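Please read the structure below before turning to the comments.
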Amino acid sequence: MKNYPIRDLRPGMKIAEPVYTKSGQMLMDVGTVLTSALIDRLSYYGIDSASAEVPVSIRETPAAEQKAPVSMPNRSRASNPSYSQKVKSQPEFMAYQIEYTKEVNSIRSLLDGIIQNPAQPPDIGQILNECSRLTSLTKTTVDLFDKLHNMRLDDDSVYSHCLNVALIARQMGKWLYFSAEDMDVLTLCGLFHDIGKVQIPDEILNKPGKYTDEEFALIRQHPVTSYNLLKYLPLDERIKNAALMHHERCDGSGYPQKLKADQIDDFAEIIAIADVYDAMTAARSYRSPLCPFQAIDMFEKDGLQLYSPKYILTFLNRIANTYQNNRVLLNNGQSANIVMINSKHLTRPMIQLDDGSVVDMLNLPEWEIIKII
Ligand SMILES: [Fe+2]
């Protein structure tokens, strides 16, 4: 067993120690046999090294003959900036950015206020009004996600992540036909869910390399810290549960309590999906965002059993259908229009190429949508 930088990992190697994401979620267990796609996933999640064993069959293969992993972040970086620039050059983006920044500052005051004065009930009415004003500035779902995908490049704070998760969760509530009251609770679940991360120094949260055991334990403690900060406040129990349970997974692989599906609060399950989607699609300093179809693909590769079927299926279906009739770029360099989403294979729609021909991506497994244009 040896620790390998990601660039030295090869398909066929076996993971020797569990690999965790920066937020403490297990990505790969011991014994996982690496494929190119799995190496892509490690790379996407910002993992820089992993302990692995090299089976004899691979050791005997000359290095030059081994297939080098394709790096998804590099491909995205090369293909995405122009779309971000297009979104950011729209006049309404600037107006949205101003309101968004105001809202992030309000969330900063709200969360910092609870930490400094835990007995003082927060003014949730004001923050909900501000959130709904922000929501009213986005006309369509495409518009909402375009703005959110690009908003965090300049501000990668816990506060802006909480706002994004709140707005994505609110949209999910709309798709799930929740009552206005439940949508407000869901929004607050998003706003408060990571309050326990506020006290973790940025140097640890944004650390580029591997965490020490102490740092890792601190990160994994944040759901409990979040819950403890909220537990005595006069807030809906679902808000407190979302803070405690948003890293739990339906198959029991989450943390801190390794709860199973029927033990996890429904609202925490929704926040879990919004949390992961925001992490995948937000622009970061070290990589461009995944396009929504790549994010759907990543959810499917991570395993849909991690999430509640009634929520993850609705969410991914709605996301894919949001981009029906949109123009996209394929990994072969061609551009096309999405003609029809295949509800059983969301990343493989029917598309019309620029020469007018209509093709079914289901029959072209090597084709991928890499960008909305
Ligand atoms: Fe979290």
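The values are calculated or read from the model by the stated rules, or taken from the named source; none is laboratory data. As the structure is a computational prediction, the values presented were derived from the model and not from experiment. Don't worry about glycine lacking a Cβ; one is built from the backbone with ideal geometry, like all the others, and counts go over all protein chains shown.
Quick look at the numbers
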{"quantity": "Total residues in the stretch 25-66, condition modelled with pLDDT of 75 or more and touching a Gly at 6+ places or on another chain (Cβ under 9 Å)", "calculated": "9"}
{"quantity": "Check on Asp154, crowded, with 20+ Cβ neighbours inside 10 Å and modelled with pLDDT under 90", "calculated": "no"}
{"quantity": "Residue count, the stretch 325-351 (criterion: out of contact with any Asp or Glu (no Cβ under 9 Å at 6 or more places or on another chain), farther than 19 Å from Thr141 by Cα and either crowded, with 16+ Cβ neighbours inside 10 Å or of a type in the set (Gly, Ala, Ser) (or both))", "calculated": "2"}
{"quantity": "Scope the stretch 29-38; condition touching a strand residue (DSSP E or B) at 6+ places or on another chain (Cβ under 9 Å) and either over 15 Å from Asp302 (Cβ atoms) or surrounded by 19 or more Cβ atoms within 10 Å (Cβ to Cβ) (or both); matching residues", "calculated": "Val30, Gly31, Val33, Leu34, Leu38"}
{"quantity": "Qualifying residue in the stretch 175-197 (condition: within 13 Å of Arg108 (Cβ to Cβ), within 13 Å of the ligand (Cβ to nearest atom) and outside any helix (DSSP H, G or I))", "calculated": "yes"}
{"quantity": "Hits in the stretch 205-228 - residues which are away from the ligand (no atom under 11 Å from the Cβ) and in contact with a strand residue (DSSP E or B) (Cβ under 9 Å, 6 or more places away or on another chain)", "calculated": "Gly209, Lys210, Tyr211, Phe216"}
{"quantity": "Single match in Lys240, Lys301 (criterion: closer than 21 Å to Val198 by Cα, away from the ligand (no atom under 13 Å from the Cβ) and not assigned by TED's automatic domain parsing to the domain that holds Ser36)", "calculated": "Lys240"}
